Each structure stands twice: as C-alpha cells, then as structure tokens.
Amino acid sequence: MTTATKAPRTPPDTTTATSTPHPPPALLPALPSLTGLRWVAALLVFGLHVQNFRYFGAAGDRILRWGFGAGAAGVSFFFMLSGFVLAWSTRPNDRALTFWRRRIARILPVHLVTAGVALLMAYTLAHQAKPTLRQGLANVLLVHSWWRPWWQTLDPVSWSLACEAFFYAAFPLLALLLRRLGARGATALAGASVLAVLVLAWVDAHHWLRQPLYSLPAARLPEFVLGASVARLVLLGRWRGPGLEASLALAIIGYFFVPQVTAGYSATTCTVIGFSLLIPAAAVADLRGLPSLWRHRRLVRLGELSFAFYMIHLLVLRAGTNVLGTSPRFGVPAGLAATAVAFTVSLGLSWVLYEAVERPARRLLLGGLRPSKRQPMAPASQPQPAPPTRDAPAAAPD
C-alpha cells in the first residue's frame, strides 16, 4: 500500500536518467500515481464480485460482464505493484525481522478484523458458510491459499493476503539478489518472471497438477518478482519502456483479451506485459513531473482506502444477500441502485477500517521502530520528484 505524505518541493527533471553512480538521495521521491492506480485495481475486483452476485438481469449482466468480467486481473496488478513498491522502498541495511514487522503491521490488523466480521456473519446471517476450526486457523495464519479446500474461508478475498505473506517471507532473499543486479541482470530476471508466468499458465491449462494454480502462493510469486525487477530498473535509471499513455493502452488491450483464454491462472498471461509496463511508466511520470491522471488527490485518497475497501467489500455483498436474496437479477435501474448502495457502504466501512484500525494499529505496532530514511538498494542516479500541486498530493510507498 502507499500512503499520502508530503514530498520535498524540488523542480521536476525531465531528462533521461543514467546509471552513473553517485550518492543516493536522502529520501526517495514519492509515487502518488501508484496509489491512484491501486484504487482502480480494487474497483475492478469490486465490479467482478457485483457481477458474480447477479445484481443485474440479462441486459445489465452483459454490460457488467464486458466491463468487469476480467476484474480478477486487479489481483495480479496488486501482486506486481507490491513487488515494485517493496523493491522501491526497501532500506539497504534492513533486517529481515524489521521488514517483517512492518509488513505484519501493514496487513494483519485489518485482516484480523475482517476475519472476525466474517466469522460473526457466518453464525448470525443466512447464506453464509461456517468454517471448520482448521479452516479458520489457516485463514487467520494466512496459510489457507496453500490448500484449495481452505482458500475461500471467512473473508474470501484474504486468499491474496496468504500469497502476499509468502512474498514477504521471500522478499529479504530477493532483496539481496536485486542489490547485486545491474540493468542487464534485472532485465533478465524480469524476462524470466514473464516466462515463468507463461509456463505456469500452460501447465495449469493442461491440468498437470491436482490443484489449480490461480490461488497457489508459489505460482503467483513470478508476478511479485516481476514488479520488483522493473523497480530495480527504475532505481538504476535504466527503465526504457513506453510512456504512460502507451502502457495504459497495452494494459487495457490485455485486460479485454482475458475472456479469450481459459479462465483462472491463464488470464494472467493477457495482462502481465501491460501491467509490467504500466507500473514503472506511472512511477517515471511522477519522477519526471509528467502529466498523470492517477496522481489526482481524490484518486490518491481512494488509493489509501483501497486495501480496506478490498478487504470489506465482499463481506458487504454477502451480507446483502439477506436483504436482496441470492442472484436477484434486477433490471438496470434497480441493479444500479443496489450496486450504488453496496459501493457506498463498502467505501464508508473502508474509511472506518482505515482510520480506526489500519492507521492506529500500525502506529501501535511500529512505535518501537526508529524511523529511517528510505534509500535505494544501491547508488543510482535519480530524477527529482515532481512538486505537489493542489490536485496531486504526493504519496510515498510504504
């Protein structure tokens, strides 16, 4: 996740960075566009789940399926963005335990609260599955995605947190590798990650394994590594991808190509290239002060709430089945009204989670950690950050 903060007011540098080493800046530039894009990914997942709950009849369902049928791609975007943000913000002398403590403080409080809400719903509302003791413990400990019968227990979207927990466990080793890689090595690692996604998709589509790979943390690791690899290139000033507009176009094309492939893990192959170009392009746009819709202050604020929104929205939709029934298939006006209510409630509760759980819990759990300056993994020439504007408050990766 990224959080809003104030960035130093320095003039933007629109020149192309080189890899000539010199001492790193005391504080890495802020990347607010990544926060705004995070909200878009969360919104795609929300739209997919509205479609799955059948709020709309035939005509509305066709439109919703067209726009959000590939919404699961938002999770793939989260995985890549997580790798990018952690590689960007890691500290050169970080200890593994310190890193893990920050990550636990980041995701665990909201996870435990939403798991508790899901458990309460399971025993008080209709249409809710009741988890077994083993399923509940696996969910709380974020290991439930390793075994398919457990992966949708309690708050179903938490399966992706189990993947993130595995990424966090592996990241200190990945960081050691990245610090030793130059531009060629980082490019090779990114290419190997893309190849791994393609191979795993082929394996999954041909049912070579008993368990589908979509929710398996080890199978989603290449997306995380890909994000970290392109972050290394940006840190070195050696990123040479297309600009923000072209990258966005490629990501959108890949997104709408998803329905043409086998559902599940294979869909990742459609978006992996576009997302791996879009994330660094948005970062470079912030670094060079180039125009970016995604750093608008409202999008950044929504991006701050996106984790809590992602964690609570499916519980809101599930609770709604007690009022609306399962698969209500409304006409377009009624379907839009039900969607608007679910969205508003989800957004309101996400604000409560962010302000009452996420932020205070992080302060409490990290109170003993001394603040340190964010520095790149190795000395690299960096473009200066764009100055904040009224419509674009800066945001720094957490």
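The values are calculated or read from the model by the stated rules, or taken from the named source; none is laboratory data. It should be emphasised that the depicted structure is a prediction, and the values quoted were computed from it without experimental measurement. Cβ sites come from the backbone with ideal geometry, for glycine too, and all protein chains shown count toward neighbours. Accessible surface areas use protein heavy atoms only, side chains included; no ligands, DNA or RNA. Shrake-Rupley method; radii C 1.70, N 1.55, O 1.52, S 1.80 Å.
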Point-to-point label distance, residue 355-residue 95, nm (Cα→Cβ direction, 7 Å offset): 3.7 nm
Suppose we keep just the alpha-carbon trace of region 249-344; what are its Rg and Dmax in angstrom? 17.7, 50
Top of 103, 363, 329 by mean-square fluctuation, Gaussian network on the chain, Cα under 10 Å: 363
Quick check on packing: order 80-89, 149-158 by the mean number of other C-beta atoms within 10 Å, highest mean leading. 80-89, 149-158
When the convex hull of the Cα atoms of region 36-155 is projected onto a plane and the area is averaged over all directions, what value comes out in nm²? 9.6 nm²
Along the charge dipole of the chain, which of 170, 121, 217 sits closest to the positive end, that is, farthest toward it, with unit charges on the beta carbon of Lys, Arg, Asp and Glu (+1, +1, -1, -1)? 170
With every protein chain kept in the model, how would you rank 49, 206, 296 by accessible area, 1.4 Å probe, largest at the top? 206, 296, 49
One finds, for residue 180 and residue 125 with R0 = 56 angstrom and r their Cβ-Cβ distance, a FRET efficiency to the nearest 0.05 of 0.60
The chain, Gaussian network, Cα under 10 Å: of 145, 327, 276, the residue fluctuating most is 327
Do me a favour and compute the ellipsoid semi-axes for region 180-305 from its Cα gyration tensor, root of five times each eigenvalue, largest one first, whole Å. 27, 19, 13
Charges only on Cβ, +1 for Lys and Arg, -1 for Asp and Glu: so what's the dipole of the chain about the Cα centre, in debye to the nearest 20? 780 debye
Given the protein chains as shown and a 1.4 Å probe, how many square angstrom of residue 245 are accessible, to the nearest 10? 130 Å²
Along the dipole axis of region 122-205 (charges at Cβ: +1 for Lys and Arg, -1 for Asp and Glu; origin at the Cα centre), the most positive-end residue among 154, 193, 139 is 193
Under 10 Å, Cα contacts only: if you run a Gaussian network model on the chain, which one of 300, 45, 357 comes out with the highest mean-square fluctuation? 357
Scattering curve values for region 102-152, log₁₀ I(q)/I(0), Debye with Cα scatterers, q = 0.23, 0.29 Å⁻¹: -0.90, -1.16
So what's the gap between the Cα centers of region 322-369 and region 55-104, to the nearest angstrom? 17 Å
Per residue Cα convex hull volume in Å³ - calculated over region 256-308: 114 Å³
Sum of -39500 (n - 2.57) over DSSP H runs of 4+, divided by residues of the chain (222 nm, nearest 500): -20500 deg cm²/dmol
The chain accessible area per residue, 1.4 Å probe, protein heavy atoms, integer Å², reads 44 Å²
Of the candidate values (i) 84, 48, 46; (ii) 84, 66, 55; (iii) 62, 47, 45, the one computed for Cα extents along the principal axes in Å from this structure is (iii)
How long is the gain from residue 260 to residue 63 if the chain were fully straight, where each residue apart is worth 0.36 nm and the alpha carbon distance is subtracted? 69.3 nm
Going highest first, how would you order 66-75, 308-317 by mean Cβ packing within 10 Å? 308-317, 66-75
What FRET efficiency, computed as 1/(1 + (r/R0)^6) with R0 = 22 Å and r the Cβ-Cβ distance, is obtained for residue 169 and residue 148, rounded to the nearest 0.05? 0.60
Convex hull projection area averaged over all views, region 144-186, Cα basis, nm²: 3.9 nm²
Region 61-105: equivalent-ellipsoid semi-axes (sqrt of 5 x gyration tensor eigenvalues, Cα, Å): 36, 10, 5
